[in-house]
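J.: Once you've had a glance at the structure underneath, I'll fire off some questions.
The values are calculated or read from the model by the stated rules, or taken from the named source; none is laboratory data. Not measured: the values here are computed from a predicted model. As a convention, Cβ positions derive from the backbone with ideal geometry for all residues, glycine included, and neighbour counts pool all protein chains shown.
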Amino acid sequence: MDAELQACLETAGLRPKGGLEPLAGGDIAAVYRLATNCGDVVVKQDAAERLAAEAEGLAALAAADSGLVLPEVLAAGGGWLVMEALEVVPGSRDPGALGEGLRRLHAVTGSAHGWSHDNACGGTPQPNAPHPDGRVFQRERRLLPMVQACQARGLLDTRLGGRIEALAHGLEAWLPDTPASLVHGDLWSGNVLFTPRGPAVIDPAVYRHYPEVDLAMLTLFGSPGEVFMAAYWGGAAPVDWPRRERLFQLYPLLNHLLLFGGAYREAIERSVSWLEVETP
């Protein structure tokens, strides 16, 4: 076993009882399950600064007292992160509890959009320099940097990139500035687990921004369902939700284009076309 991992385990009083077993879902970091004297743990291997940001994000989400379950960080160091292995109940879902927990998480707000330092969303560096105006933050820290990164790799043509830039520069015309909610930041369905203790979230890319960025990510590749939405909104969704959903899906779609290639360009084109019709 890697000496740095062994040292990391020892700091937490953990002794391995077997080898590392690879887990699915490690597209960016290597993820393993490990049996120890204190039960199974999850072990991740990645750049030390990325893992430190993940551990900090988990701590920030846990401190929000949302009712959502977060894996406890047991040890970190030398490019390794050791966490509690959450028990997942196959086939179990509680979308109402997930919606309520996410609503409570988003009730934790700050005056500035962003975070105290940069982190990453998947394998992509995520700039988080704070800004008091959420429209400016979405434009300058999310959409424009992603357009530039995709164009630098030849994944986005000038015409479509220019249309996204025009939408980004027009946010002040329709999107109100609001207090910045604490958000998970990468809340696709694979980062939601249902445990005996309730819904859990993992692998955050935490910052503060419009709360709909989490909802838009949840609906990007599926639907959390009507029960979730009713619990989150406390009834019907606001009239402006469809427009915000499309807007806040642009950043993860561009990130997927950057990470995984041109299959996502058509979805970007559809979202841009819809927004061009629906925005002033």
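J.: Provide a single number: the residues in the stretch 142-200 that are closer than 30 Å to Gly261 by Cβ, of a type outside the set (Phe, Trp, Tyr) and within 15 Å of the chain's Cα centre (by Cα).
T.: 11
J.: Answer yes or no as to whether Glu72 is surrounded by 18 or more Cβ atoms within 10 Å (Cβ to Cβ) and either assigned by TED's automatic domain parsing to the domain that holds Ile202 or over 22 Å from Gly234 (Cβ atoms) (or both).
T.: Working: surrounded by 18 or more Cβ atoms within 10 Å (Cβ to Cβ): no; either assigned by TED's automatic domain parsing to the domain that holds Ile202 or over 22 Å from Gly234 (Cβ atoms) (or both): yes.
Here the answer is no, as Glu72 does not meet what is asked.
J.: Output the number of the condition that Glu266 fails; it satisfies all remaining conditions of (1) exposed (fewer than 12 other Cβ atoms within 10 Å of the Cβ); (2) closer than 23 Å to Thr178 by Cα; (3) modelled with pLDDT of 95 or more.
T.: Here Glu266 meets the rest and fails (2).
J.: Taking the stretch 83-116 on its own, how many of its residues are on the phi > 0 side of the Ramachandran plot and in a loop (DSSP other than H, G, I, E, B)?
T.: 1
J.: Within the group Pro179, Pro145, which residue is in the same structural domain as Asp214 (by TED's automatic domain parsing) and either touching a strand residue (DSSP E or B) at 6+ places or on another chain (Cβ under 7 Å) or within 26 Å of Asp65 (Cβ to Cβ) (or both)? It would help to see each step written out before you state the result.
T.: Details: Pro145 fails: either touching a strand residue (DSSP E or B) at 6+ places or on another chain (Cβ under 7 Å) or within 26 Å of Asp65 (Cβ to Cβ) (or both).
When all the criteria are applied, what remains is Pro179.
J.: Among the residues of the stretch 166-178, is there at least one that is modelled with pLDDT under 95 and either of a type in the set (Ser, Thr, Tyr) or exposed (fewer than 15 other Cβ atoms within 10 Å of the Cβ) (or both)? Lay out the reasoning, then the answer.
T.: Step one: filter the stretch 166-178 for residues modelled with pLDDT under 95, giving 177-178.
With the extra rule that they be either of a type in the set (Ser, Thr, Tyr) or exposed (fewer than 15 other Cβ atoms within 10 Å of the Cβ) (or both), the set shrinks to 178.
So far as the stretch 166-178 goes, yes, one or more of its residues are modelled with pLDDT under 95 and either of a type in the set (Ser, Thr, Tyr) or exposed (fewer than 15 other Cβ atoms within 10 Å of the Cβ) (or both).
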